[in-house]
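In what follows, a single structure is set out as structure tokens and then discussed.
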Amino acid sequence: MSTLTAKPEHEVLYQELAKLLSRHAAKMTSEEMLAIGANMLGKLLAYQDQRTMTRERGLEIIIHNIEMGNQQAVAEVMNSKGRA
């Protein structure tokens, strides 16, 4: 799968979602937030136009972006100040 460069509007949406999650972080566990995110991904996959998006292609996009997000998060943690 080829990697596409994120557009500025992708980062804007990501930042808005991150702010929304942080507003609710004190009221739920990280497991609950993970479950809600996974539920949303499942719905986003189901809402795809089945004429142009196969289930397999949708899952490929999801898996690739989970891996990319995980790599970005690890890099962020490793580069943060105050690292032990």
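The table for this structure:
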read-out	value
Protein accessible area in the chain, 1.4 Å probe - carbon and sulfur %	61
Between helix 8-24 and the chain: long-axis angle, C-alpha atoms, 0 to 90°, nearest 10	60
Equivalent ellipsoid dimensions for the chain as semi-axes, Å, which come from the Cα gyration tensor, largest first	26, 18, 13
³J(HN,Hα), Karplus 6.51/-1.76/1.60, whole Hz, each residue of region 56-61, x for Gly, Pro	5, 5, x, 5, 4, 4
Per residue value of the accessible surface for region 32-73 (all protein chains in place, 1.4 Å probe), Å²	83
Listed residue (44, 30, 74) projecting farthest to the positive dipole end of the chain, Cβ model	30
Candidates 45, 13, 59: whichever shows maximal mean-square fluctuation once the chain is modelled as a Gaussian network with Cα springs under 10 Å	13
FRET efficiency, 1/(1 + (r/R0)^6) with R0 25 Å, evaluated for residue 70 and residue 50 via beta carbons	0.30
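The values are calculated or read from the model by the stated rules, or taken from the named source; none is laboratory data. A quick note: this is a predicted structure, and the numbers were derived from the prediction, not measured. All Cβ positions, even for glycine, are placed from backbone atoms using ideal geometry, and neighbour counts span all protein chains on display. The accessibility values were calculated without ligands, DNA or RNA, using every heavy atom of the protein model including side chains. Shrake-Rupley method; radii C 1.70, N 1.55, O 1.52, S 1.80 Å.
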